[in-house]
Structure formats: C-alpha cells, structure tokens
Amino acid sequence: MPVINVDADELRRLTGQENKSEEELLDDVFELGIEYEGETEEGDLKLEFEPDRLDWLSVEGMARSLRYHYGEDRGLDVLSMNDPEWTIEVDNTPEERPYVTGAVVRGVDLSDGVLDSLIQLQEKLHATMGRGRAKGAIGVHDLTMLKGAPLTDGAEKSIRYTSMSPDERFVPLESNEEMTPQTVIEEHHMGSEYADLVSGMDQYPAIYDDIGLFSFPPVINGQRTEVTAESRDLFIEMTGTDQWTIDRMLNIVCYALSARGGHLEGVRVSYSDDAPGEYAGAQVERPDFSTKIKTVSHDRIETTLGVGLDRETVVDCLERTGLAQTVKEDDETGAVEYEVEVPPYRVDVLHPVDIIDDIGRAYGFNELEPRYPDVATVGKRHERSRLEDAVRETLVGLGFEDLLNFYMTNEAENYERMNLTVPSTDDASAESNENAVVGDDEPVTILETYSEEYTIMRTWALPSIMQVLESNTHRAYPQHLAEVGLAMTVDESENTNVAEYRTVALAMADTEVSYEDIRGRLQALTRQFDATLETPPTDHPSFISGRCAELVINGTAVGVVGEIHPGVIVDHDIEVPIVAAEFRLDALQ
C-alpha cells in the first residue's frame, strides 16, 4: 500500500489545526483510514493508506479530507480555471503512447518544501496509477522557459507532441551535455531505469516548443525547463496509453497545486486526423473537471452500515466527505434515495458502496455499536474445505510439494502447449464433440485483459504444474508437485453460465519415472479416503498413447493418468520424463 512522508506541522497549517498535538492528529487521520507507520530520519510522519485513495498521495490531499472531516469545508469543490492560452498539437505520435493531456498553473509558491511535496506526489502517481510510468507519465516544466510556437491555424501559443528522430539532441535533467535519446537510455541513470518503456518503439515520443525538444516522455525532461523553488508558473504535461488515466492523474496534481494558491488555466489538446487512438481528429480542453453521479438508496445505507440514520445525518456525512447530493423521495412508496455528485479528484468512487463507505467514515465507525447477527448458526469450516486440506495433507505425506498457482492463464498454455486443440465456440461443433478429454472444455474468457498472459480461466490444473516444472529445470530431481485448486468452464446450464469445480493435479518428474509410479501414488491416495480406483486404458493428446488411462473412482470416470507426451515435455524445455494425473476433488467425498 502507498506510504507517503508528511510534515506534521505542514499538515496542521493546511488544516488550520495548528494547536493539535501529534497524538490527536494521528487519531484524526486514523478515522479517515490512514495509518501511522513511524517517522523518517527527518522527523516526518510516514502514513499508509489503501491504494484506491490516490488523492491522499500528497499532504494537500490529506489536509483537504481532514478539513472536510472537521466540518470546516463542506460539499463539492470543483475548481475554476481560465480559458486556454496554450495548445498541445498532437501528430505522428508513437502508436504505443498516443495520448496526452495538460494544464497551466500560475502563481504557485514552491518554496518551503512545496516543491518536495509536488515531486513526491509525481513519483507516487507514477508508481500507482501510472504503473511505473508505463500507463501514464508526468512532466512538470517552468512555463517561463517555454516559447510557444504559433498555432497552425491561429495566433495562440502551442507545443507539439510527436515523434523524434534517433539523431535528435537535447540536454536532459541532471546533465550538462547534449545527448541523443539512445545515449540517454544507455548512459543516463534515469534513462536506463525507464529504457524498457520505449525499447520496442520504432520512434521515440517527444514534446517540442518553438525552441526545440524539451521533453522525452516517459523517460526524462530537458534541463532547460527544469522546475526550481523559484519557479512560479508551471506547464504540466502527461502522456500515456490511456486518456482517462492521465486525465485523472492531472486532476489530482491540479487540486494539490490549487491548495498551494496556484491559479489554473486550461490547455487545448488538438489531435490530428491521423493520430493513433480513439481521439483522432478531436479537440478537447483539459483539465477535465466534470463530475459523476452515483445513486444510493437510504435503505441500502442503513442495511450496509447496520445503523438507523435520518436524512439530515446522511446529508451531513456526505457534505463532510466532499460530496454533493440531491435527495429524492418516491411519492407512492416513500422510499428515499440520494443522487450523489462526486468531485473530479475522487478516482476511487466506482460503485454506490464506495459512497456508503464515505458515509460510514464520516459518521464514525467507532460510533457503530456491535451486535450479534440475527442468525442461529455457528460458523465452521465448509466440508469441501476440510476435504481439500485432507487431500493436501495426504499428498504431502506421499512426497508431493503442495502448490498454489494462478487460476488465470491463456489459450497457448492451457491447450496448445498441452497438445490440445483450442475449443471452437461454434455450438454445432461443440455438440458434435463426442471425444471430449480432460482439459479441453470451453474456457471462461476474460473480456478486458490486463495482460496477454491472462486471457482465460484455466479449465484444468496440469498446465500450471507443467509451467512450474519448466521454471525449475535448474533444480535437482526428483520433483514431485501437486495442487488442489480451482478450474472452470463455460456451462449454459448454470445461472452464471460458468461451472466452477475443484480439481486435483499431480506430477512426478525424474530421470527414471513411469506410469506405475504415479498409479501407485493414486492407489494410496484413494485408499486413504476409502474409495475404489480403476484405470481402464484411454487416449489423451497430452499423454503417450498406450501409457495413459482413465481415472475411475467409485465407479465414476473423473480424470486421467499417464506418462506425459514427449512433445509436451520438449515444448516446456524439460529434459526428464514426467508422469501426471488429474481428477475432480469431489470424487473423494
């Protein structure tokens, strides 16, 4: 979770509570959900909080929430700004990083530690929302050192976000000599740290003014526009792979600088018609301080918090968390709901439950009286959980190491590298598939994948064990691995269209290992649970033909056992034989 360093005196000054003791101050931030983690060598407080509240990544953001908590500020705060004088013209940008946003902040005093606070906010946003600068990177420049080029079709000042040639030269931060982008990546300490972000690009991203190159995002800014404690007017630019992300990062920075007396000025972003990304041909003004509306019913608030509240208390709690509301009552039923307006810097509010959480914090979770639940049952472990532990314990006793792998995988690992064909989603072909084998069911697909490595939910666990063996070829053999874990498939007979089940997978890798070894272990396992085991021959693409059998436990076919096919072993860069098995956990009940 994020941890930031905060000067206690500065926090008192920004909240107007200069007479509060440190103990009282820490109690107040704890009520917000912020925990004290000690002090730095300089005596600053180290404060930790949940990663969703990114507006708390600065002392200004924490102070804002405390002022609301104390009741000194109330309701929604949407910043005002002057009309744009500057335009960012976007053309010929790298497809890997097509988006940009920006703002101008004038008259901000960066002395007395304010610049350090801004740098900390910048780096913490990079590490969290910016995903290490990969998704979004922030550049802050001294506005007085920029020379705006004449706008293409007007008289306003502009800078240009585009690509640069490998021969371009500029003086980067913390350097006194000109360098090319490639030299920066290879020799500059900051360049080498972020080299991976641009290593695969045909052209590097660049930002120019009328003088020349002044920013090489997301790697480093130029020395010419370096911000110092004497700087008063700032130009903020952010580039990234997602417009929504960098716009929200910009909002958080703008609110922090506004709290320091900065006056905001908009920036126009003009995308060329052939610009990559969804904003091609668009012209937008930033920062985007639009708000969003979430609706929550009074009944749901009371049910979730477990306490009765009148309307006035709910409204007071909402206003003391920086939210605005409109109360609506149904004329027929009398049901009350609140249309809650969320400020631009609150990137964490995604659901009505987030609103209820704010109400609970403002009301005070310590004020909620504990009570026994209205049920007559006593909590205990589920029988399935008992069975899982019993199977794990037995497998460990048989010499296997217990694993816990990711349930998400991809089609190549789940099917292709195991000699299976990726199932067709065509209904006719699915119905005609009479030769289904363990693992070849239709997978549950993840719609918005974060990584190409995780696109589906696994349909069986044996591929996960093969990946572990692949990663451990440098370790000594034998390697006996087992996992009791989750697998799932598409099943239209289920209400969710997804069938989830627990599966048991085990594998033995050694220089000399055969079908009889794994068969003996399975016999011992089933005997421990008073189950019968039969192994009639069968065929499976992942196993050697003639050295593979169906697992029949208590008269029901539940899995497969055999010697892994040499093609599968070679594809995983393993050089020893492997025997393996997989079956449904509920077969041992």
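Quick check: anything in region 262-273 assigned to a loop (DSSP other than H, G, I, E, B) and at pLDDT 95 or above?
Yes: region 262-273 contains one or more residues that are assigned to a loop (DSSP other than H, G, I, E, B) and at pLDDT 95 or above.
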Cβ pairs under 6 Å, 6+ apart, first in region 174-197 and farther than 12 Å from Pro218 by Cβ, second open to solvent by 50 Å² or more (accessible area, probe 1.4 Å): Glu178/Arg169; Thr180/Arg169; Gln182/Pro166
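Does Thr144 fit the bill of being hydroxyl-bearing (Ser, Thr, Tyr) and over 31 Å from the mean Cα position of the chain (by Cα)?
Criteria met by Thr144.
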Candidates Thr303, Thr313, Thr333, Thr295, filtered to the one that is free of Cβ contacts under 8 Å to residues at least 60 places away in the same chain and either buried (at least 23 other Cβ atoms within 10 Å of the Cβ) or part of a loop (DSSP other than H, G, I, E, B) (or both): Thr333
Those helices (runs of 4 or more DSSP H) lying entirely in region 339-429 with at least 1 residues under 30 Å from Ile246 (Cβ atoms): 352-363
Single unsatisfied condition, Glu123 versus (1) surrounded by fewer than 16 Cβ atoms within 10 Å (Cβ to Cβ); (2) in a loop (DSSP other than H, G, I, E, B); (3) not basic (Lys, Arg): (2)
Any chance Leu398 is touching a Gly at 6+ places or on another chain (Cβ under 8 Å) and either closer than 28 Å to Phe30 by Cβ or open to solvent by less than 80 Å² (accessible area, probe 1.4 Å) (or both): no
Gly261 assigned by TED's automatic domain parsing to the domain that holds Glu123, open to solvent by 20 Å² or more (accessible area, probe 1.4 Å) and not basic (Lys, Arg): yes
Failed criterion for Phe235 (all others in (1) assigned to a strand (DSSP E or B); (2) open to solvent by 20 Å² or more (accessible area, probe 1.4 Å); (3) touching a residue at least 40 places away in the same chain (Cβ under 8 Å) hold): (2)
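Filter region 50-103 for residues that are of a type in the set (Ser, Thr, Tyr) and assigned to a loop (DSSP other than H, G, I, E, B) and give the result.
Within region 50-103, Ser58, Ser80, Thr93 meet the criteria.
Here are Pro423, Pro352: which of them is buried (at least 18 other Cβ atoms within 10 Å of the Cβ), in contact with a strand residue (DSSP E or B) (Cβ under 7 Å, 6 or more places away or on another chain) and at pLDDT below 95?
Numbers: Pro423 fails: in contact with a strand residue (DSSP E or B) (Cβ under 7 Å, 6 or more places away or on another chain).
Result: Pro352 is the single residue among Pro423, Pro352 that is buried (at least 18 other Cβ atoms within 10 Å of the Cβ), in contact with a strand residue (DSSP E or B) (Cβ under 7 Å, 6 or more places away or on another chain) and at pLDDT below 95.
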Qualifying residue in region 467-476 (condition: at pLDDT 95 or above and either of a type in the set (Lys, Arg) or touching a strand residue (DSSP E or B) at 6+ places or on another chain (Cβ under 8 Å) (or both)): yes
In region 88-107, residue farthest from the chain's Cα centre (by Cα) [restricted to those that are surrounded by fewer than 20 Cβ atoms within 10 Å (Cβ to Cβ) and farther than 30 Å from Ser165 by Cβ]: Gly107
Breaking point among (1) open to solvent by 10 Å² or more (accessible area, probe 1.4 Å); (2) over 17 Å from Val267 (Cβ atoms), for Leu57: (1)
Test: Glu470 is under 39 Å from the mean Cα position of the chain (by Cα), in a strand (DSSP E or B) and either assigned by TED's automatic domain parsing to the domain that holds Met418 or in contact (Cβ under 8 Å) with a residue 40 or more places away in the chain (or both): no
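With respect to Ser464, determine if the residue is modelled with pLDDT of 95 or more, more than 22 Å from Ala557 (Cα to Cα) and assigned by TED's automatic domain parsing to the domain that holds Gly555. Give the derivation first.
Numbers: modelled with pLDDT of 95 or more: yes; more than 22 Å from Ala557 (Cα to Cα): yes; assigned by TED's automatic domain parsing to the domain that holds Gly555: yes.
In short, yes.
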Whichever residue in region 540-589 is among the charged types (D, E, K, R) and touching a residue at least 60 places away in the same chain (Cβ under 8 Å) and, among such residues, is least open to solvent (accessible area, probe 1.4 Å): Glu582
Among (1) surrounded by 19 or more Cβ atoms within 10 Å (Cβ to Cβ); (2) of a type in the set (Val, Ile, Thr); (3) over 25 Å from the mean Cα position of the chain (by Cα), the one test that Val219 misses: (3)
Residue in region 16-23 that is open to solvent by less than 30 Å² (accessible area, probe 1.4 Å), in contact (Cβ under 8 Å) with a residue 24 or more places away in the chain and either hydroxyl-bearing (Ser, Thr, Tyr) or part of a loop (DSSP other than H, G, I, E, B) (or both) present: no
Single unsatisfied condition, Tyr338 versus (1) open to solvent by 30 Å² or more (accessible area, probe 1.4 Å); (2) among the aromatic types (Phe, Trp, Tyr); (3) at pLDDT 95 or above: (1)
Index of the failed condition, Leu486 passing every other in (1) under 25 Å from the mean Cα position of the chain (by Cα); (2) buried (at least 21 other Cβ atoms within 10 Å of the Cβ); (3) not hydroxyl-bearing (Ser, Thr, Tyr): (2)
Qualifying residue in region 161-175 (condition: touching a Lys or Arg at 6+ places or on another chain (Cβ under 9 Å), aromatic (Phe, Trp, Tyr) and surrounded by fewer than 21 Cβ atoms within 10 Å (Cβ to Cβ)): no
Qualifying residue in region 66-76 (condition: surrounded by 19 or more Cβ atoms within 10 Å (Cβ to Cβ) and either among the acidic types (Asp, Glu) or touching a Phe, Trp or Tyr at 6+ places or on another chain (Cβ under 9 Å) (or both)): no
Every residue from region 181-213 that is within 31 Å of the chain's Cα centre (by Cα), in a strand (DSSP E or B) and either aromatic (Phe, Trp, Tyr) or under 23 Å from Gly107 (Cα atoms) (or both): Tyr204
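Residues in region 239-248: is at least one part of a strand (DSSP E or B), assigned by TED's automatic domain parsing to the domain that holds Val104 and open to solvent by less than 10 Å² (accessible area, probe 1.4 Å)? Lay out the reasoning, then the answer.
Within region 239-248, the first condition is being part of a strand (DSSP E or B), and the residues that meet it are 239-240.
Then drop every residue that is not assigned by TED's automatic domain parsing to the domain that holds Val104, which leaves 239-240.
Next cut, open to solvent by less than 10 Å² (accessible area, probe 1.4 Å) only: 239-240.
The answer is yes; a qualifying residue exists.
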Among (1) closer than 30 Å to Tyr204 by Cβ; (2) touching a strand residue (DSSP E or B) at 6+ places or on another chain (Cβ under 7 Å); (3) open to solvent by less than 40 Å² (accessible area, probe 1.4 Å), the one test that Glu85 misses: (3)
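The values are calculated or read from the model by the stated rules, or taken from the named source; none is laboratory data. Remember, predicted model here, so these are calculated numbers, not experimental data. Please note: Cβ atoms are built from the backbone with ideal geometry, for glycine as well, and neighbour counts cover all protein chains shown. The area values use the complete protein model at the heavy-atom level, side chains included, leaving out ligands, DNA and RNA. Shrake-Rupley method; radii C 1.70, N 1.55, O 1.52, S 1.80 Å.
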